[in-house]
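Student: Quick one: this structure, given as structure tokens, is what I'll be asking you about.
The values are calculated or read from the model by the stated rules, or taken from the named source; none is laboratory data. Given the structure is predicted, the values throughout are model-derived calculations rather than measurements. Cβ: placed from backbone, ideal geometry, glycine included. Neighbour counts: every protein chain shown. With ligands, DNA and RNA removed, areas are computed over all heavy atoms of the protein, side chains included. Shrake-Rupley method; radii C 1.70, N 1.55, O 1.52, S 1.80 Å.
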Amino acid sequence: MSALTKAREPFRFSTRLHLSELTGLRAASLGELCRLIKEVPGSCIYHHTHRFLQQHQFFSPEPPNDFAYWVTGALGENELGERLASIDTMQFSRIHDLREAIAAAIEDYLRGNPSSGIKTARPGEDFYFIKSVSFVMPTRYVACDLGDFIEILRKITIDSIYFHIFEARLRLERKTNDFSNWIEDSLGDKELAGELAALDPYTRTLEDLRQAIILMAEKRIFSP
Amino acid sequence: MIKIEDYIPIVGQSIIDDLKLIAERLRGKIIQHINSTAVGGGVAEILNRMVPLLQQLGVETRWDVIKGGAQFFEVTKKFHNALHGGPVELTKRDFEIFLETGQYNVEDLDTRGDIVFVHDPQPILLVKKKKENKWIWRCHVDVSEPNEEVWNFLVEYIIRYDSAVFSAPDFSRKLPIRQFLIAPSIDPLGDKNKELPQETIDSVFEKYQIPKNKPIITQISRFDRLKDPVGVLEAYREVRKYIDCHLVLAGGGASDDPEGAAVYAEVKEKAKGDKNVHILLLPQNDIEINALQRGSTVIVQKSLREGFGLTVAEGLWKAKPVVASNVGGIPLQIKHKYSGLLCHSVQGAAFAIKQLLNSPAYAKKLGENGREHIRNNFLITRHLRDYMLLFLSTYHKEDLVYL
């Protein structure tokens, strides 16, 4: 595959910016947390499993979802915290399924550890449910080949990368990320598309992710 | 005048490009900010920076200040303390004064913005003028455990707004209107946070006769009981048993805070006789505050309650190790042992300060992590973005908005 191959359709970069909306819902115990996880809007589950990616762009001191962070820090349930942190978000292409997996992990843990069900967080340390309101806008960046794609990737915001990798796949329920879709459909490069689709973006910071995608695409240009 | 492009070296070109993209969507709308003071305090400070930047981005923005006499501001100070959950005695007359001044402003102030953005409780009554335009109430106060009498009084007005905005998740309450979470911010190019030459820093320390031969612990805050200056003094005394150091307690006043002078006098009295304690009642001088923070070894913010605690972000932006209470918006700024140290008591604060003074490499790492966390989340560019999205949200009810 040549780097100069012109895409059948250019790739138009969009960006996605989010506003956090408070729901007024809070949980003080595992039971309440589980009940609310089943009831809250999908945009809440999305917020609490993706917020950390944007707030800690260079190094993440937190486990990869708020539920894991809270059960560990506020309730001292380290084992459940580890179970929740290690839920493989990549396996899910629908928020509904991710929600089910999180709730099932808590219910399963409570069955094995009934005494954990009566623990409550200290005053002021409840879990507050927040949802993401997303605004999606086209940017002025358009890639016509892999060279353009790399150049633009170097300068767009992490919000744009975030939109095409995370939001497109899980929240908008597309089968893979937008970059892989375009590389396969418009550049005809199934191999690179597959490599990008196989990246686990949840175990990297967004800056690391940007670098990893650039490296893969560069490798394609210089060692086709 | 600072230009929006001046932020590019700090946050990158693409962040500024995004701001321009959002601003285009607000063309033709008039945004009207309303608060109670043009100078002093965090709200005025943010608006002084933000309004010109919004205008540069092409968003037509105006800023109005309500009128109120000394009696009104004494009542609103009581309200402020009551919302923070402090012990306050309120009389029937206090509520009458609030309503009278509120009504005067309802009649006096023109609220013709397409989006009227009201800050804090003082101007809250203005919502009586709501027509077809959009109204947002911005709460800068920690209302996690408010005095119910005051909250119930205010909530009658809050629910007439289209949306409310809070600084931390635990400030939100069950309300029948939309509520958003928006943290405040600092301006890295403002006098309080811009880079300073070493000579400027040294000259400020000389001016206030603070020797730089020992570690310096500093709390910058208004003289307000909720900032617990006495607690800081007690923590310093614990530290001083083991480490020779100086304490700086410095802050100004705001025109809507009549209690400051009394607290200042009380702290001064308690520190009498200790030459290593420097209590400075500063006029509004951001360069001096900046210099004091930059010349300090450890920054402290031992508040009992906090709307947000922007002095924490200021200290972290200067890559200083910060010890701060786990209240209000502070835990959003500090992840314990990663970007600073959180405390819950005088003893906890003293222990954390000692740890940082005895482990300079650890202190340096916390400060560096803190600076990056502030760059990503608490600079004015992020705040501009959130406010513009908030304005847009008043025209869209859905969770996913294609613009």
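Student: Specify which of the listed residues (B:T61, B:T111) is out of contact with any Pro (no Cβ under 6 Å at 6 or more places or on another chain), closer than 20 Å to B:S163 by Cα and surrounded by 22 or more Cβ atoms within 10 Å (Cβ to Cβ).
Tutor: Only one candidate passes the filter, namely B:T61.
Student: Quick one: how many residues across region B:157-213 are part of a loop (DSSP other than H, G, I, E, B) and either in contact with a Gly (Cβ under 8 Å, 6 or more places away or on another chain) or more than 11 Å from chain A (Cβ to nearest Cβ) (or both)? So that I can check it myself, show each step before the final result.
Tutor: So the first thing to find is which residues in region B:157-213 are part of a loop (DSSP other than H, G, I, E, B), and the list is B:159-162, B:167-168, B:172-177, B:182-185, B:187-197, B:208-213.
When the remaining residues are screened for being either in contact with a Gly (Cβ under 8 Å, 6 or more places away or on another chain) or more than 11 Å from chain A (Cβ to nearest Cβ) (or both), the result is B:159-162, B:167-168, B:172-175, B:183-185, B:187-197, B:208-213.
So the answer is 30.
Student: Now a separate question. Please go through region A:109-142 and pick out each residue that is more than 11 Å from chain B (Cβ to nearest Cβ) and either under 24 Å from the mean Cα position of the chain (by Cα) or of a type outside the set (G, A, S) (or both).
Tutor: If the condition is that a residue be more than 11 Å from chain B (Cβ to nearest Cβ) and either under 24 Å from the mean Cα position of the chain (by Cα) or of a type outside the set (G, A, S) (or both), then A:Y109, A:L110, A:R111, A:N113, A:P114, A:I118, A:K119, A:T120, A:V142 are the ones that fit.
Student: Looking at B:G40, B:G102 in this structure, which one is in contact with a Lys or Arg (Cβ under 9 Å, 6 or more places away or on another chain) and part of a loop (DSSP other than H, G, I, E, B)?
Tutor: Values: B:G102 fails: part of a loop (DSSP other than H, G, I, E, B).
Result of the check over B:G40, B:G102: B:G40.
Student: With among the β-branched types (V, I, T), open to solvent by less than 20 Å² (accessible area, probe 1.4 Å) and within 30 Å of A:F127 (Cβ to Cβ) as the only criterion, which of B:I220, B:I210, B:I182, B:I216 stands out? Full working, then the answer.
Tutor: Working: B:I220 fails: within 30 Å of A:F127 (Cβ to Cβ); B:I210 fails: within 30 Å of A:F127 (Cβ to Cβ); B:I216 fails: within 30 Å of A:F127 (Cβ to Cβ).
After ruling out the rest, the residue left standing is B:I182.
Student: Also, I was wondering about something else. Do we have B:V150 as within 23 Å of the chain's Cα centre (by Cα) and of a type in the set (A, V, I, L, M) here?
Tutor: Yes: the conditions hold for B:V150.
Student: Can you tell me how many residues within region B:43-74 are aliphatic (A, V, I, L, M), under 19 Å from B:K194 (Cα atoms) and either in contact with a helix residue (DSSP H, G or I) (Cβ under 8 Å, 6 or more places away or on another chain) or assigned to a strand (DSSP E or B) (or both)?
Tutor: 3
Student: Let me ask something else about it. Any residue in region B:16-28 that's more than 9 Å from chain A (Cβ to nearest Cβ): show its pairings with residues that are among the hydroxyl-bearing types (S, T, Y) at Cβ separation under 7 Å, as long as the two are six or more apart or on different chains.
Tutor: Taking only residues 6 or more apart or on different chains, the pairs are B:I16/B:Y7; B:L19/B:T381.
Student: Filter region A:90-108 for residues that are part of a helix (DSSP H, G or I), in contact (Cβ under 8 Å) with a residue 24 or more places away in the chain, under 15 Å from A:S43 (Cα atoms) and more than 14 Å from chain B (Cβ to nearest Cβ) and give the result.
Tutor: Scanning region A:90-108 gives A:H96, A:L98, A:R99, A:I102.
Student: Condition first: under 19 Å from the mean Cα position of the chain (by Cα) and either surrounded by fewer than 20 Cβ atoms within 10 Å (Cβ to Cβ) or at pLDDT below 95 (or both). Now tell me which residues in region B:264-288 satisfy that. Give the derivation first.
Tutor: Filtering region B:264-288 down to residues under 19 Å from the mean Cα position of the chain (by Cα) leaves B:281-288.
Selection gives B:L281, B:L282, B:P283, B:Q284, B:N285, B:D286, B:I287.
Student: Additional query: Just for helices (runs of 4 or more DSSP H) wholly inside region A:109-211: which have at least 2 residues that are without any contact (Cβ under 8 Å) to a residue 40 or more places away in the chain and surrounded by fewer than 17 Cβ atoms within 10 Å (Cβ to Cβ)?
Tutor: Answer list for region A:109-211: A:146-155, A:190-197.
Student: Continuing with this model, one more query. For region B:312-403, list the helices (runs of 4 or more DSSP H) that sit wholly inside it and hold at least 2 residues that are under 18 Å from the mean Cα position of the chain (by Cα) and within 11 Å of chain A (Cβ to nearest Cβ); which are they?
Tutor: Values: elements: B:330-333, B:346-358, B:360-377, B:380-393.
In region B:312-403, the matching helices (runs of 4 or more DSSP H) lie at B:330-333, B:360-377, B:380-393.
Student: Any chance you could count how many residues in region B:70-125 are basic (K, R) and either modelled with pLDDT under 95 or within 18 Å of B:T37 (Cα to Cα) (or both)? Lay out the reasoning, then the answer.
Tutor: Taking region B:70-125 first, the residues basic (K, R) are B:77-78, B:92-93, B:112.
Applying the additional criterion that residues be either modelled with pLDDT under 95 or within 18 Å of B:T37 (Cα to Cα) (or both) yields B:77-78, B:112.
Going through region B:70-125 one residue at a time, the tally reaches 3.
Student: Could you count how many residues in region B:188-204 are surrounded by 20 or more Cβ atoms within 10 Å (Cβ to Cβ) and modelled with pLDDT under 95?
Tutor: Within region B:188-204, residues that are surrounded by 20 or more Cβ atoms within 10 Å (Cβ to Cβ) and modelled with pLDDT under 95 number 1.
Student: Hey, among B:V327, B:V323, B:V298, which residue is free of Cβ contacts under 8 Å to residues at least 40 places away in the same chain and of a type in the set (V, I, T)? Explain how you work it out, then say what you get.
Tutor: Numbers: B:V327 fails: free of Cβ contacts under 8 Å to residues at least 40 places away in the same chain; B:V298 fails: free of Cβ contacts under 8 Å to residues at least 40 places away in the same chain.
Checking each option against the conditions leaves just B:V323.
Student: Now, a different point. Residues in region B:1-15 that are without any contact (Cβ under 8 Å) to a residue 24 or more places away in the chain, of a type outside the set (S, T, Y) and within 7 Å of another protein chain (Cβ to nearest Cβ): how many? Reasoning before the result, please.
Tutor: First pass over region B:1-15, keeping only residues without any contact (Cβ under 8 Å) to a residue 24 or more places away in the chain: B:5, B:8-9, B:12-14.
Remaining after also requiring of a type outside the set (S, T, Y): B:5, B:8-9, B:12-13.
After this cut, where a residue has to be within 7 Å of another protein chain (Cβ to nearest Cβ) as well, the list is B:13.
Of the residues in region B:1-15, 1 are without any contact (Cβ under 8 Å) to a residue 24 or more places away in the chain, of a type outside the set (S, T, Y) and within 7 Å of another protein chain (Cβ to nearest Cβ).
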